[in-house]
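Can you read through this structure? Questions will come right after.
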């Protein structure tokens, strides 16, 4: 069955219109004539002055200031927190409210 499918595909490909060039392949456009280059004398660029290297002082003669490191003072302790009183446990049921709540919504007829 595979052979038949391959043959059918090849027949389909062969039946497609062939593309052809619609121009003369051997025709060539004339090349433009080369314009002779005019050689000009290049102007020389002004030379940059050489950078002067700074003179390094003798390592024996260099004197550095003595640096003293100081430890910053310790931060003071935080003030003690206020002790928050614990709320009393009087969250007992409010019977009137809960009786009303438990009734549910009245039915509308």
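Coordinate-derived values only; no laboratory data. Fair warning: this is a prediction, and the values are worked out from it, not measured in the lab. With ideal geometry, Cβ positions are generated from the backbone for all residues, glycine too; neighbour counts draw on all protein chains shown.
Is the chain rounded, prolate or oblate when judged by the Cα gyration tensor, a ≥ b ≥ c being the square roots of its eigenvalues, rounded requiring a/c under 1.5 and prolate requiring a/b larger than b/c?
Here the chain falls in the oblate category.
Here is a further query. In nm, to one decimal, how far is the residue 35 label point from the residue 67 one, both placed 7 Å along Cα→Cβ?
6.6
Report the FRET efficiency, 1/(1 + (r/R0)^6), for residue 87 and residue 108, where r is their Cβ-Cβ distance and R0 is 35 Å, rounded to 0.05. Please list the in-between numbers first.
Details: r = 41 Å, r/R0 = 1.17.
Calculated value: 0.30.
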